[in-house]
Amino acid sequence: MRLLILLLATPLLVIAALTVFDFAFRPTFRRLAVRNVRRRKGEAVLVVLGSLLGTAIITSSFVVGDTLNASIRDEARTRLGPIDETILVAQPDGLPAVLARLTATPIPDIDGLLPALTAPVSAATVDAPGRQRLAEPNAAMSEVDFNAARGFGRDPAATGFAAAGPTPSGTEAVINQDLADDLHLGVGDQVEAYLYGTRVAFSVRGVVPRLGVAGFRTQGDDQHARNLFVAPGTLVRLAAAATAGTARPPSALVFVSNVGGVFDGARATPPVFRELRARTAGLNAELFQSKQDVLDRAKEVGDRFATLFGLVGAFTVIAGVLLLVNIVVMLAEERKAELGMLRALGFKRNHLVRAFGLEGNLYAIVAASLGAVAGVGVGRVVVKATEAIFASGNRDLSLRFAVRPVSLVIGFLIGLAICMLTVWGASVRIGRLNVIRAIRDLPEPESSHRRDRLALGVAGVLLGVVAAVVGIAGRSPIPALIGPPIALWSLVPLVGRLVAHRLAVSVPCLLALTWGVAAFSVLPSVFDGSDVSVFLAQGVVLVFTSVWLVVTNDDGFHLIAERLSASGRGLAARLALANPLAKRFRTALLLGMYSLVVFVLVFLASFADVFQAQAPRVAREASAGYDVVLDVNPSSPLTADDVVHQAGVAAVAPLVQARPQYQLQGSTGLAQQQTLTGFDESLLERGTPVLAHRDRRFASDSDAWRAVLRDPALAIVPGGLLSRGGGPSRTTVAVGALITVIDPASGRRHDVTVVATTDEADYVRSGMFVAATTVPTLISRSAQSRFYIAAAPGTDPTQLARRLQGDLLVNGAKADTFRTLVDQSLSRQNDFLRLLQGYLALGLVIGIAGLGVVMVRAVRERRREIGMLRAIGFSSRVVRTAFLLEAAFIAGQGVAIGMALGLITSFSVISHSSILGGESLPFTVPWTALAALAAASLSASLLAVYAPAAQASRIKPAVALRIAD
Amino acid sequence: MAAYPILSARGVRKIYRTGAQEVEALRGIDLDVDAGELLMVMGPSGNGKTTMLNCLSGLDDIDGGSVLVDGEEIHLMPDARRTEHRARRMGFIFQSFNLIPVFTASENVELPLLVNGVNGREARYRAKAMLRIVGLGDRAGHRPTELSGGEQQRVAIARALVARPALVWADEPTGNLDSQTAEEVFQLLLDVHRSGQTLIIVTHDRTIGARGDRLVQVRDGRITAQGPPAQVLAEHFR
């Protein structure tokens, strides 16, 4: 990586140094550059606008990463405050022993210990006339000494209890802001809590912020912490009176605060954690590095989002680079005679490059500066959209918009580097022009650089072959993907000497296209688990190849144009096609801009469509013939009999759940805490959850499930069990993998073998499946807290779920149909895909704006032609229509190429590759998205070009010809 | 052939405005051109020759006066009508050829036919025939950048004549050519004239100016002399 940075940075530094030197000490270069910028201010603005979008996109990806990082880090403040480590004691009566060990001698690097008791409850408002009753099944009832809490960690403001008053007594309760918000409660209101089979009413004495200890979350899987603080002794009293023998007793917690503030304290976690583990050994206590886990996750998620948006944004950046090249090439062609004259006057080639490069760099500096600032705005929009998506699901996260200055600087530098390198690359091409040909505006002969091309061809073939071999042998997807196309492209100048140009280009391009589309199916072992960067490479390969193929073979449009003009009515069309067909390099750049972005948009749209269409199937396959998933509070558990006797229930499969830690053997990743589900024969009575992959020794899915029931060393897991933090899966668990299950309380470890995998996404969050009888051997704390329920004939599952949730409120019931759970999950997934599409659509904006910029320049460039056409009788309407049709031709062709590639590639990936966890999904064409995309991009393109087209039509022939002559 | 004025201009004025500055380029031009006449226009650079051509042909607007072509006041026509009229009745040849660079020679030549509604196949046939007449039958498929200056001007002449316009305007048609090529091109124009088309040529070249039916001198935006070329040249161009 450092070598790559060095390789990129070196030419950039040379260019930057030359720019500064030329600006300071070469007045002629400076004069040429500055005056050319000033000569056409309007166009300078267009060039800068076209160039700044790339920088804006890059910067915005960093801003998104910063915001995610800062938001999750902020959880450390709001959910933990001074808490750095947490010790969970399974039985409250074990707490004194743990505290005795912890306080026996001072522990270095800690400045506080705070014991607490907690139990999950359902909380609800009381019945009152004219007021709707509200309930929250995922709340926690806790006991803590408020004075001790305030003194915990030496910063009362960070604990959330600074203004909480004394510890509650009697039937008083202090609730935190999350619970107050959800139940619309205020001071003086009554709140009811359901736990241990009973209902207890409390009077709200105060509301504390969701901060520090008051914001600590023990219940639910969202970001809310709904806490109800009650008088000491309440929980033990209620637990003692529990009606259900299987009720889980309250948990005892010891919060540990390290020396240092909210964030700095985590630095001491490793030694403190070692010491805590040593002191609690043998006491059945689970230890958590609460603060460090949050900070690690913040960094991981922030980095991953920044990378994801950066990679998706890379398509847009490439579109921006193509626009920049187009603009520079047009600038150069417009000034060809002027540049030739400078050469004639004694400018050396390098002078020409530097003078032109200096002008380009002036644009680049302004564009990169404005782009970095604009990137903050783009990032803000993306963050808003992301927040809306998070808020629509249960895992909502309130995002705190944040921009680190270093992100702005890096965004600026990358944008500047891209602009500078592009400008100088194009300038070098300009510097090679022949003086006479430039002055007389003659085209460069085909053979002028034949030797260079042959050398490049040979080098390219070798490079491509080496990349392909290394990539395939080393299972490295990007070299494997791009190697063969590089070799094939490089063949063009070599075989071009032997066969016709069209054939020399078409055959290698068709082969490269075939490879680009089929590689995922042909070599699944190489491309399994490919990330976004591989698709970026694929998009570039396919688009580059297709555009080359199309511009080489688009002569057919000549015939169409001639047919159109044969009647005399298609003159505008003929004019419209003439320039794109004659100036193929420029056309290719514009087509590339459109195709690349549309390709990815269609690719994402296809996936979104396929995912959404899978909902009924996925729900059916996960349900094993059941309809509803019911989760209950472990402190108010239910038996299968309790549930089956509810109205509308036909059958029940009880499931035991727990939260052990998992570690994949052979993996260097940290152990991750995920759900464990224990099942019995009843789960398999109405069918079986469908498996994605299973060990070959099992003839059917049912055989695999039954084998797990029999053998405690076997397990079935979702493929994405060990992926965390959102975004695409990074670790896929395969059949045959060995997973170590760790009991957090005892540290005991058991290995289980994965004999089958379910859907990677695990829409119903079951985690690892083992036999119910195996669960107690793996983990000490578990509860029968989930039930799969089959609705009785004639009962609507949705109505049943709603009724169960209301009737079993006392048990903290949360009931949803399988379809609802899958829909919710897919909906978030699709919202995220839409967000990426929206982000990517900025690339389309670049393409459309670029087309507008190019057309503005085309009008200027073709002024003389327009004058002549008007002189010989072409009406202004024909001229205007010709420009609009030209834009429509380019945009339409680009959109068509992008759509075709997007559909073919997504079809290939969805239908044939194992990239989606081995599932071969039925492909559907996203017609609505395609129609919307085509209509939006074409109409926006026409709109962008209308002004220059109208300007062209208003050109007075005499004025144009006078200027020309 | 009975001579009648194909073009009749009265009191034509043209003012160029640049910011607050005004330059009166034409100061009341009165001119009649008979059908089939070969009219030469000469005068010093910057004195209004090209402006006169632009204004009398309708390429540019005027600030005063009137211009009748075939008895129709072209400056009272809306732009679309004037453009259509120009397509039917006029052809143009310029010093810098002004060919469309992305079209081949024959595609350039067939443009006036297509704009006049001639069938595409017929237009291509007539364009190639016209190119053969100007001696470029074998260069029909070449683009302008692949042709010499003389060849480009021949293509421009073919384009100007292919629709058989009644009135052909030529602004310095030989200005960019060497003397031998210039003579060849001028002979082509003389052939045009002999076939009955009206030709108005703006030129600097005395030898060309001397070969018209009439010579007009333009100086300071006015017609300062007109008559038989030999006489005007002798009296006003020494």
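The values are calculated or read from the model by the stated rules, or taken from the named source; none is laboratory data. Please read all numbers here as calculations on a predicted model, not as lab measurements. Cβ coordinates were reconstructed from backbone atoms using ideal geometry, including for glycine residues, and neighbour counts include every protein chain displayed.
For the stretch B:62-81, the set of residues classified as closer than 22 Å to B:Val115 by Cα and within 11 Å of another protein chain (Cβ to nearest Cβ) consists of B:Pro78, B:Asp79, B:Ala80, B:Arg81, listed by residue number.
It is to be established whether one or more residues within the stretch A:335-358 are in a helix (DSSP H, G or I) and within 24 Å of A:Gly539 (Cα to Cα). There is no residue in the stretch A:335-358 that is in a helix (DSSP H, G or I) and within 24 Å of A:Gly539 (Cα to Cα). Screening the stretch A:333-352 for residues that are buried (at least 21 other Cβ atoms within 10 Å of the Cβ) and under 25 Å from A:Lys583 (Cα atoms) and picking the one that is farthest from the chain's Cα centre (by Cα) gives A:Gly340. Is it true that some residue in the stretch A:756-779 is out of contact with any helix residue (DSSP H, G or I) (no Cβ under 6 Å at 6 or more places or on another chain), closer than 28 Å to A:Thr125 by Cα, surrounded by fewer than 23 Cβ atoms within 10 Å (Cβ to Cβ) and of a type outside the set (Phe, Trp, Tyr)? Within the stretch A:756-779, none of the residues are out of contact with any helix residue (DSSP H, G or I) (no Cβ under 6 Å at 6 or more places or on another chain), closer than 28 Å to A:Thr125 by Cα, surrounded by fewer than 23 Cβ atoms within 10 Å (Cβ to Cβ) and of a type outside the set (Phe, Trp, Tyr).
Residues in the stretch B:88-101 that are surrounded by 24 or more Cβ atoms within 10 Å (Cβ to Cβ) and at the interface with chain A (Cβ under 7 Å from one of its Cβ atoms): B:Phe92, B:Phe94, B:Asn98.
Whenever a residue of the stretch A:737-754 is on the phi > 0 side of the Ramachandran plot, its partners that are assigned to a loop (DSSP other than H, G, I, E, B), lying with C-beta atoms within less than 9 angstrom and at least six residues away or across chains, give the pairs A:Gly747/A:Ala281.
All conditions but one from (1) assigned to a loop (DSSP other than H, G, I, E, B); (2) of a type in the set (Val, Ile, Thr); (3) over 39 Å from the mean Cα position of the chain (by Cα) apply to A:Ile83; the one that does not is (3). Screening A:Pro106 with (1) part of a helix (DSSP H, G or I); (2) surrounded by fewer than 19 Cβ atoms within 10 Å (Cβ to Cβ) gives one miss only, at (1). Residue-level check: of (1) in a helix (DSSP H, G or I); (2) touching a Phe, Trp or Tyr at 6+ places or on another chain (Cβ under 9 Å), B:Leu59 misses just (1). Evaluating A:Ala504 against the criteria (1) at pLDDT 90 or above; (2) part of a loop (DSSP other than H, G, I, E, B); (3) of a type in the set (A, V, I, L, M, F, W, C) leaves one unmet condition, (2).
Residues in the stretch A:147-183 that are in a helix (DSSP H, G or I) and farther than 18 Å from A:Pro82 by Cβ: A:Gln177, A:Asp178, A:Leu179, A:Ala180, A:Asp181, A:Asp182, A:Leu183. Which residue is farthest from A:Gly151 (Cα to Cα), if the candidates are limited to the stretch A:113-130 and must be surrounded by fewer than 20 Cβ atoms within 10 Å (Cβ to Cβ) and touching a residue at least 60 places away in the same chain (Cβ under 8 Å)? Filtering first and then ranking leaves A:Val126. Residue count for the stretch A:310-347 satisfying the condition of being touching an Asp or Glu at 6+ places or on another chain (Cβ under 9 Å) and among the acidic types (Asp, Glu): 2.
Only one of these conditions is not met by B:Leu147: (1) within 12 Å of chain A (Cβ to nearest Cβ); (2) in contact with a strand residue (DSSP E or B) (Cβ under 7 Å, 6 or more places away or on another chain). Which number is it? Going through (1) within 12 Å of chain A (Cβ to nearest Cβ); (2) in contact with a strand residue (DSSP E or B) (Cβ under 7 Å, 6 or more places away or on another chain) one by one, B:Leu147 breaks only (2).
The set of residues in the stretch A:184-202 being out of contact with any strand residue (DSSP E or B) (no Cβ under 6 Å at 6 or more places or on another chain) and part of a strand (DSSP E or B) consists of A:Thr198 alone. Taking the numbered list (1) touching a helix residue (DSSP H, G or I) at 6+ places or on another chain (Cβ under 8 Å); (2) more than 9 Å from chain A (Cβ to nearest Cβ); (3) in a helix (DSSP H, G or I) in turn, B:Ala129 passes all entries but (1).
Whether any residue in the stretch A:586-603 is in a helix (DSSP H, G or I) and within 14 Å of chain B (Cβ to nearest Cβ) is what I want to check. There is at least one residue in the stretch A:586-603 that is in a helix (DSSP H, G or I) and within 14 Å of chain B (Cβ to nearest Cβ).
A single entry from B:Thr198, B:Thr174, B:Thr224 fulfils the requirement of being over 23 Å from B:Gly58 (Cβ atoms) and either crowded, with 16+ Cβ neighbours inside 10 Å or under 15 Å from the mean Cα position of the chain (by Cα) (or both): B:Thr174. When the residues of the stretch A:935-957 are filtered to those that are among the aliphatic types (A, V, I, L, M) and touching a Gly at 6+ places or on another chain (Cβ under 8 Å), which remaining residue is nearest to A:Ser908 (Cα to Cα)? Out of the qualifying residues, it is A:Leu938.
Restrict the check to the stretch A:855-865 and report whether at least one residue is surrounded by fewer than 24 Cβ atoms within 10 Å (Cβ to Cβ), among the β-branched types (Val, Ile, Thr) and over 21 Å from the mean Cα position of the chain (by Cα). Checked the stretch A:855-865: at least one residue is surrounded by fewer than 24 Cβ atoms within 10 Å (Cβ to Cβ), among the β-branched types (Val, Ile, Thr) and over 21 Å from the mean Cα position of the chain (by Cα).
Residues that are under 23 Å from A:Ser546 (Cβ atoms), over 33 Å from the mean Cα position of the chain (by Cα), modelled with pLDDT under 90 and not charged (D, E, K, R) are absent from the stretch A:627-643 altogether.
Scanning the stretch A:282-301 for any residue that is at pLDDT below 75, part of a helix (DSSP H, G or I) and in contact with a helix residue (DSSP H, G or I) (Cβ under 8 Å, 6 or more places away or on another chain) turns up at least one such residue. Note on the stretch A:604-642: residues that are within 30 Å of A:Leu844 (Cβ to Cβ) and in a loop (DSSP other than H, G, I, E, B) amount to 1.
Filtering the stretch B:15-44 down to residues that are in contact (Cβ under 8 Å) with a residue 60 or more places away in the chain and within 14 Å of chain A (Cβ to nearest Cβ), which residue is surrounded by the fewest Cβ atoms within 10 Å (Cβ to Cβ)? The qualifying residue surrounded by the fewest Cβ atoms within 10 Å (Cβ to Cβ) is B:Ala25. In the condition set (1) touching a Ser or Thr at 6+ places or on another chain (Cβ under 6 Å); (2) within 12 Å of another protein chain (Cβ to nearest Cβ); (3) β-branched (Val, Ile, Thr), A:Val895 is compliant with all but (2).
From the set of residues in the stretch A:905-933 that are modelled with pLDDT of 80 or more and crowded, with 18+ Cβ neighbours inside 10 Å, which is nearest to the chain's Cα centre (by Cα)? Residue satisfying both the conditions and the ranking: A:Ser906.
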